[in-house]
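Just so it is clear, none of the values below were taken in a lab; they were calculated from the coordinates. Just so it is clear, the structure is predicted and the values come from calculations on it, not from any experiment.
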Amino acid sequence: MSSASQSISDDTVNVQRRKRGPKYNNLWPLALAPLFPGIVIAFRKQPVLRTRLLFGTAALVLVGAHHSGMSTSIGTK
């Protein structure tokens, strides 16, 4: 009986512990931020292509950030 109660208390202790430190999964949109000025500089003479690339990159970053936020919020519940 003692070993059963000890294993239950060990399980509850392990569940209550949380990882400390930054969540790198949430920081990846910040790593993509330098793409925007790079696109503007690189495609300065092609405004149509520049606009399409900017909106496409922004859409990918927003979708990825939303997915990243949703996956971490589901994982913490």
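Applied to the range 61-67, the Karplus parametrisation 6.51 cos²θ - 1.76 cosθ + 1.60 on θ = phi - 60° returns per-residue 3J(HN,Hα) values of 5, 5, 5, x, 5, 5, 5 Hz, with x for Gly and Pro.
For the range 27-32, the Karplus equation 6.51 cos²θ - 1.76 cosθ + 1.60, evaluated at θ = phi - 60°, returns couplings of 9, 5, x, 5, 5, 8 Hz by residue, with Gly and Pro reported as x.
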